[in-house]
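Engineer: Before I ask anything, let me first share the structure, which is written out below as structure tokens.
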């Protein structure tokens, strides 16, 4: 199985609490989207509904996976959250030290597919380590529709060959639609998704290949976990996304990438119409 796995500690935030305070103070006209680095995001609607997707504040598993960006906040500084969504079970997407304190502090539900739920409840024992209730764990499958405040969230099939059971989320709002497919590669059914949903902002995990120590042997091993330039734009084009936001390119030493390299590929397609380049802590709006 590819991707970071296991449990590792959270480090202290490099930035203090300014980012969660900025999110709480924001009053978007439509939907504001903050990039948390790795593949983590916060969506906040005009009525105040606040959704976290794959927030990760861990340091990885050095020397195999080495975090290359700041830890942007302490999860205990999060005061507002209406749900925390996980796309798949890898530890940079399901991480107790990053996510359980948010659930404990806010009472928000953890929304995830079965393998992610097992990682939280069985492998990492969130309920034993934090004050959480059974009804905070909401398991979903493809085809489910979840209503959270002003957002309608569709659970959809994605293509991540490194995960046991990955899903994607289409976040619909009156102001626009955001698609977060986790670490998915292109899939033939993305065309149908693009026809069904008018996707304003498509998030695609982007990176390079590298020689990463094997999980068991620690021998350097050729590793490719995310989309390359062609795959990233292929996915966004099939989805007919108006804007492509590349993620994950900043995270792991040896697998980082230059998102500006996507521009020439984007220019060759009708979709995406725009490349949305953001760094950790940046905000974009719908």
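The values are calculated or read from the model by the stated rules, or taken from the named source; none is laboratory data. Predicted model only: the values in this text are computed from it and were never measured. Note that we place each Cβ from the backbone using ideal geometry, even for glycine, and neighbour counts take in every protein chain shown.
Engineer: Modelled with pLDDT of 95 or more, surrounded by 22 or more Cβ atoms within 10 Å (Cβ to Cβ) and assigned to a loop (DSSP other than H, G, I, E, B): which single residue out of 254, 182 fits that description?
Structural biologist: Testing whether each residue is modelled with pLDDT of 95 or more, surrounded by 22 or more Cβ atoms within 10 Å (Cβ to Cβ) and assigned to a loop (DSSP other than H, G, I, E, B) leaves just 182.
Engineer: Quick one: residue 271 ticks every box in (1) surrounded by fewer than 18 Cβ atoms within 10 Å (Cβ to Cβ); (2) at pLDDT 95 or above; (3) over 20 Å from the mean Cα position of the chain (by Cα) except a single one, so which number is it?
Structural biologist: (1)
Engineer: Can you pull out the residues in region 215-251 that are surrounded by fewer than 24 Cβ atoms within 10 Å (Cβ to Cβ) and assigned to a helix (DSSP H, G or I)?
Structural biologist: 229, 230, 231, 234, 237, 238
Engineer: Are any of the residues in region 211-221 farther than 30 Å from residue 29 by Cα and in contact with a helix residue (DSSP H, G or I) (Cβ under 9 Å, 6 or more places away or on another chain)?
Structural biologist: The answer is no; no qualifying residue exists.
Engineer: Do the conditions hold for residue 286, that is, is it buried (at least 18 other Cβ atoms within 10 Å of the Cβ), closer than 27 Å to residue 198 by Cβ, at pLDDT 95 or above and touching a helix residue (DSSP H, G or I) at 6+ places or on another chain (Cβ under 9 Å)?
Structural biologist: For residue 286, the condition - buried (at least 18 other Cβ atoms within 10 Å of the Cβ), closer than 27 Å to residue 198 by Cβ, at pLDDT 95 or above and touching a helix residue (DSSP H, G or I) at 6+ places or on another chain (Cβ under 9 Å) - is not met.
Engineer: Return a yes/no flag: does region 205-214 have any residue that is at pLDDT below 95 and not in a strand (DSSP E or B).
Structural biologist: Yes, that holds for at least one residue.
Engineer: Search region 1-27 for residues that are at positive phi and in a loop (DSSP other than H, G, I, E, B) and pair each with any residue that is surrounded by 18 or more Cβ atoms within 10 Å (Cβ to Cβ) and at pLDDT 90 or above when their beta-carbon atoms are under 6 Å apart and the residues are at least 6 apart or on different chains.
Structural biologist: 3/90; 3/225; 6/91
Engineer: Would you check which residues across region 49-70 are touching a strand residue (DSSP E or B) at 6+ places or on another chain (Cβ under 7 Å), surrounded by fewer than 24 Cβ atoms within 10 Å (Cβ to Cβ) and assigned to a loop (DSSP other than H, G, I, E, B) and list them?
Structural biologist: Passing the criteria: 49, 59, 63, 64, 68.
Engineer: Return only the number of the condition from (1) crowded, with 16+ Cβ neighbours inside 10 Å; (2) under 23 Å from residue 150 (Cα atoms); (3) over 18 Å from the mean Cα position of the chain (by Cα); (4) without any contact (Cβ under 8 Å) to a residue 60 or more places away in the chain that residue 199 does not satisfy.
Structural biologist: The number of the failed condition is (3).
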